[in-house]
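Novice: Before I ask anything, here is the structure I am working with.
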Amino acid sequence: MKQHFMMFAAYNQWANGRIYGAVAELDEEEFNRDVGAFFGSMMGTLNHLLATDRIWMKRFTGEGDAPAKLDAILHRALPGLKLAREAEDRRIVDWVGGLTEKALSGRFSYMTVSDMRTVSQRLAPALGHVFNHQTHHRGQAHAILTILGRTSVSLDLALFQRTDEGRAYA
């Protein structure tokens, strides 16, 4: 399981880099334009991903800042958001790399943000959710780029596995 999650941590970092590269071509109005996505704009969508990763990493590690809302706006401008995303992706890669198989099969408990209840579950399925959640909302970011008339990027896992950083997971 550890190799599987190391692959998804590396893929997540790679795919986020590609999305942020494409988003860098947007002007401020496009970045903030509400196009009807779940979190409205590209700015809202990318902030949601950063916010939820921080929430989950706080749950997993007990460390770091975690917003109190799923729609928290942590950075209104792309440069600060990009730096924070890169730091969070490094944090995720490093944390997953330090996990043991025993830890992955273990349980943990946390408080939900939406309805403030305590949940206890196995770590591996929760970590699987985090990476699936990232993929889901990166798909929305991809669609936002398309709605804005911009070229998006391929984010396929198989494409990642053909890159230098992903070849070890192919």
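The values are calculated or read from the model by the stated rules, or taken from the named source; none is laboratory data. Source: prediction; values computed, not measured. Don't worry about glycine lacking a Cβ; one is built from the backbone with ideal geometry, like all the others, and counts go over all protein chains shown. These area figures cover heavy atoms from the full protein model, side chains too; ligands, DNA and RNA do not enter into them. Shrake-Rupley method; radii C 1.70, N 1.55, O 1.52, S 1.80 Å.
Novice: Quote the relative contact order of segment 1-119 in percent (integer), defining contacts as alpha-carbon pairs under 8 Å separated by 6+ residues.
Specialist: Relative contact order comes out at 29 percent.
Novice: Using only Cα atoms and rounding to the nearest 10 degrees, what angle (0 to 90) does helix 2-23 make with the longest principal axis of the chain?
Specialist: Helix 2-23 and the main axis of the chain meet at about 20 degrees.
Novice: What is segment 48-170's relative contact order, in percent, from Cα pairs under 8 angstrom and six or more apart in sequence? Don't jump to the answer; show the numbers that get you there.
Specialist: On the way: 90 pairs, mean separation 20.4, N = 123.
Dividing the mean separation by the residue count of segment 48-170 yields 17 percent.
Novice: With the full set of protein chains in place, find how many percent of the accessible area of segment 93-170 is carbon and sulfur; take the probe as 1.4 Å. It would help to have the intermediate numbers written out before the result.
Specialist: Working: 2360 of 4440 Å².
The C+S portion of the solvent-accessible surface of segment 93-170 is 53 percent.
Novice: Go through (1) 72, 28, 12; (2) 25, 19, 18; (3) 26, 21, 13 and flag the label whose value is the computed semi-axes √(5λ) of the Cα gyration tensor in Å for this structure.
Specialist: (3)
Novice: Sort 52-64, 147-159 by the packing proxy (mean of other Cβ within 10 Å over each peptide's residues), most packed first.
Specialist: Working: 52-64: 17.1, 147-159: 13.7.
The densest-packed peptide leads the list: 52-64, 147-159.
Novice: Once phi is turned into ³J(HN,Hα) by the Karplus curve 6.51 cos²θ - 1.76 cosθ + 1.60 with θ = phi - 60°, what whole-Hz value does each residue of segment 45-61 show in order, with x for glycine and proline?
Specialist: Residue by residue, segment 45-61 yields 5, 5, 5, 4, 4, 5, 4, 6, 5, 5, 4, 5, 5, 5, 4, 5, 10 Hz.
Novice: Take the alpha carbon atoms of segment 91-157, find their center, do the same for segment 1-79, and report the distance between the two centers in whole angstrom.
Specialist: Here the two parts' Cα centres lie 10 Å apart.
Novice: For each pair in Lys2/Lys58; Lys69/Lys102; Lys58/Lys102, compute the distance between the two Cα atoms and list the pairs where it is over 27 Å. Please report the intermediate quantities before stating the final value.
Specialist: Working: Lys2/Lys58 20 Å; Lys69/Lys102 31 Å; Lys58/Lys102 20 Å.
Cα-Cα > 27 Å for Lys69/Lys102; rest within.
Novice: Additional query: Could you work out how far apart the two model spin labels at Trp95 and Val119 are, taking each label as a point 7 Å from the Cα in the direction of the beta carbon, and quote it in nm?
Specialist: For the pair Trp95/Val119, the computed spacing is 1.5 nm.
Novice: Moving to a separate point now. Using 0.36 nm per residue, how much length does the chain from Ala72 to Ala87 gain when fully extended, once their Cα-Cα distance is taken away? Intermediate results must be reported in sequence, preceding the final value.
Specialist: Working: separation 15, 0.36 × 15 = 5.40 nm, distance 1.77 nm.
The span from Ala72 to Ala87 would gain 3.6 nm if fully extended.
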